[in-house]
1. Treat every Asp and Glu Cβ in the chain as -1 and every Lys and Arg Cβ as +1, leave all other atoms uncharged, and give the resulting dipole magnitude about the Cα centre to the nearest 20 debye.
2. Could you tell me which GluC sites (Glu not before Pro) in region 215-307 are loop residues by DSSP with no more than 12 other beta carbons within 10 angstrom of their beta carbon?
3. Only Cα pairs within less than 10 Å get springs; with that Gaussian network setup on the chain, which residue of Phe140, Phe62, Phe20 has the largest fluctuation?
4. For region 11-104, what is the charge dipole size about the Cα centre, in debye to the nearest 20, if Lys and Arg each add +1 at the Cβ and Asp and Glu each add -1 at the Cβ?
5. For Phe251 and Glu35 in one chain, what is 0.36 nm times their gap in residues minus the Cα-Cα distance, to one decimal in nm?
6. Run the dipole for region 92-247 about the Cα centre, Lys and Arg Cβ at +1, Asp and Glu Cβ at -1, nothing else charged, and hand back the magnitude in debye, nearest 20.
7. Can you give the Rg to Rh ratio of the chain, both from alpha-carbon atoms, with Rh computed by the Kirkwood formula?
8. If I fit a long axis through the Cα atoms of helix 227-240 and take the longest principal axis of the Cα atoms of the chain, what angle between them do I get, 0 to 90°, rounded to 10?
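The values are calculated or read from the model by the stated rules, or taken from the named source; none is laboratory data. Since the model is a prediction, treat every value here as computed from it, not as a measurement. As a convention, Cβ positions derive from the backbone with ideal geometry for all residues, glycine included, and neighbour counts pool all protein chains shown. SASA here: full protein model, heavy atoms, side chains in, ligands and nucleic acids out. Shrake-Rupley method; radii C 1.70, N 1.55, O 1.52, S 1.80 Å.
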Amino acid sequence: MERTDYQRILREIRREIEPFAREGRAADYIPALAEVDPDQFGICIRTIDGRIYGLERADARFSIQSITKVFSLAMCLWLEGDALWRRVGREPSGTAFNSLIQLEVERGVPRNPFINAGAIVLADVLLRHLDDPEGRFLSFVRALSGNDALDYDDRVARSEREKGYLNAAIANLLKYHGNLHGDIERVLRLYFLQCSVAMSCRDLACAFGAFADHRTPFRFDGVSLTASQVKRINAIMQTCGFYDEAGEFSFLVGLPGKSGVGGGIVAVYPQKYSVAVWSPRLNTKGNSVMGMKALELLTTRTEESIF
Ligand code: GLN
């Protein structure tokens, strides 16, 4: 059987997306992110049998931001199973990642785990169950990606915390409605640290290999999930991974995925590959312009999407 020539396809895609290289702006509501050179691009594909195809800044580490929410969800499902769904929903929100409106109307139950409100509840769950949630979360992410050198970026976390007014408002609203058990400051400290993890496209492609392959038992650093739980994490990535652009990503790319305001996007083709792309300039929905384009072209060129 002929193998897809991913390396050639990546080179072609890179050439084709060059006209978009100056479109969009890097996130600046987190001051430390505004210091990153916005004109960088990296991409890495990892096939399910472990072959790696990378281009340009595939090994440069960046702030994974909201991509971290997938790791939190995996840990929380392991810790709580279906009981988790009493505190957070699994419907797309159709609103911005940091919106407060829906949370007020829906009385403190976040629509899904991938908007900020949902991920702040997940941080609360981790705090409740684990003695050292920061240490345990990091060792899980290290095991998933197979890279023991991964770490939090304290500077990014502190920078976000200093200007984290909206997330503090979300946490207060959750607390008011009885959906946050821990101390607000403590929960936010964990949440901001989780967002600050620095990873490369290669690290992310490797870590998401576990979500691309529900047939191999999911067991990393003592965290285990059933095949059904892994599939459902993918389902939530498909419906909620891009906030109010989830429909557009599904339409253009056709894979489950998750973005972060650091400019990273990961996507999963179940039983085939995981892919991570990074470029800091974002569109108005907070998703990487070049990243979206590259993934759209990848599934178009290869004629491979879940549909
Ligand atoms: N840490 C960011 C925030 O809470 C994550 C948002 C994102 O990546 N979409 O605002």
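1. Here the chain has a charge dipole of around 360 debye.
2. Loop-located and lightly packed - Glu303.
3. Maximum among the listed residues: Phe20.
4. For this selection, approximately 240 debye.
5. 74.5 nm
6. Magnitude of the dipole: close to 340 debye.
7. 0.94
8. 90 degrees
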